[in-house]
Amino acid sequence: MKNSGQTTSFYSWIVVAMLWIVAFLNYLDRILITSMHDPIVMDFKLTDAQFGLLTSVFLWSYGFLSPFGGYLADKYSRKKMIVMSIMVWSAVTLWTGFATSFHEMLAARFLMGVSEACYIPAALALITDYHKGKTRSLATGLHMSGLYAGLALGGLGGYISELWGWRSGFHIFGIIGIVYSFVLLYVLKDHNVEPSEDEGEKESVSHKMSLTGALKVLFSEKSFFVLLFYFTVLGMVNWIVYGWLPTFLKDHFHLDQGEAGISATGYVQAGSFIGVILGGILADRWTRKNDKGRLYILIIGFTIGAPFLFLMASTNIFGIAILAMMVFGLARGFNDANLMPILRQVSDQRYVATGYGFLNFLSTIVGGLMVYIGGALKDAQIDLSIIYQISAGMMLLATWSLFAIKLKKNNTQN
């Protein structure tokens, strides 16, 4: 690629900064509910399986619509999909705070999943449109740190529910998101390919194809299947961790609700903040010398992080559990800084948002199933520590499967 294609403009970083706030709200709004387990269960008289279903329904609708949301971002406008997404999910967050029945809560969580499905594929595609090889992993990682901030502060839901009731958090953050969507409407811009950029990339912008046609192209690459398997297992592990970690810490280490909520998100996300920046910088530098630099950073992450997840589930010492959560978070950071850049190295550039959307599809469908199964197993008196130990082993095997990926060399810097 010509040097002009490698220039990173000031506005490219403004895009990352604007979308950081969206990413923060994206995960905060979806995760608030997990740290409010006790008051919501008491208010609606739910079983643990029913409470798990609130997250599962969100993940299933989010997963099923992700490929479609990614496809629309590829075919039409990244910006429009991002603005529409935050506007709708914030309105649904506000509505959640007014829900009066379990079935209304289910409906709200379903619609939140539909609206949020349009964000991540479009946002990551837009960021990697603006940022080429030398800054791509770092820019992606900085954006993903917004998700971690949302996850970390989502743990404050336990404290908010104790102080003002569980509904207050949904009201506050729903209003903030609606207001910010109008800011994005006027400030955010789609990436325009300059005449000096290569013809292949110009063709990628103008080319139109159906969703089934795009998926056919994506699935013609064997490496896409490997990424799909890996990301599916990652989704299972992540959501069984994030969905039930507050409850696990509360029961296993005898913490109160607020402390369990903030511990479950805070320590993991602290490690992720470090991992997403460190992993982005190291991957960008390594990839200048080796096309597989990003892939190796990702593999190193969970080769270390998965055993620490096992350790967290096995120890009775809270200090060791804190360390284990931070190392697992570090591995997640390595992953999040590099997954979309790796996808751009193995897939057709025209359909990267669609490809990421399909990865999200299977990942969240099985992730939602695991959250529900976690609740059902807990109802059956099966300890969450056993589930976490099994999850750690699965994560390690899925990570090592990435050695089978073959990269397209001409996509390394695109």
Would you confirm whether or not the range 93-107 contains a residue that is touching a Lys or Arg at 6+ places or on another chain (Cβ under 7 Å), touching a residue at least 40 places away in the same chain (Cβ under 8 Å) and assigned to a helix (DSSP H, G or I)? no
Checking the condition over 26 Å from Lys222 (Cα atoms), under 22 Å from the mean Cα position of the chain (by Cα), among the hydroxyl-bearing types (Ser, Thr, Tyr) and assigned to a helix (DSSP H, G or I), which residue from Tyr372, Tyr356 passes? Tyr372
For Phe334, are the conditions met, namely being in contact with a helix residue (DSSP H, G or I) (Cβ under 6 Å, 6 or more places away or on another chain), of a type in the set (Phe, Trp, Tyr), buried (at least 23 other Cβ atoms within 10 Å of the Cβ) and within 26 Å of Leu215 (Cα to Cα)? no
Of Thr140, Thr96, which residue is within 18 Å of the chain's Cα centre (by Cα), hydroxyl-bearing (Ser, Thr, Tyr) and surrounded by 20 or more Cβ atoms within 10 Å (Cβ to Cβ)? Thr140
Condition check for Thr55: modelled with pLDDT under 80, touching a Lys or Arg at 6+ places or on another chain (Cβ under 8 Å) and crowded, with 24+ Cβ neighbours inside 10 Å: yes
Pull up the range 49-87, narrow it to residues that are assigned to a helix (DSSP H, G or I) and among the polar types (S, T, N, Q), then point me to the one that is nearest to the chain's Cα centre (by Cα). Ser66
How many residues does the range 73-85 contain that are surrounded by fewer than 24 Cβ atoms within 10 Å (Cβ to Cβ) and either touching a Ser or Thr at 6+ places or on another chain (Cβ under 9 Å) or over 19 Å from Ser210 (Cβ atoms) (or both)? 5
Specify the residue that is nearest to Gly235 (Cα to Cα); the eligible residues are those in the range 306-323 that are small (Gly, Ala, Ser) and modelled with pLDDT under 95. Ala313
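The values are calculated or read from the model by the stated rules, or taken from the named source; none is laboratory data. Bear in mind the structure is a predicted one, so any value in this text is a computation, not a measurement. All Cβ positions, glycine included, derive from the backbone under ideal geometry; neighbour counts span all protein chains shown.
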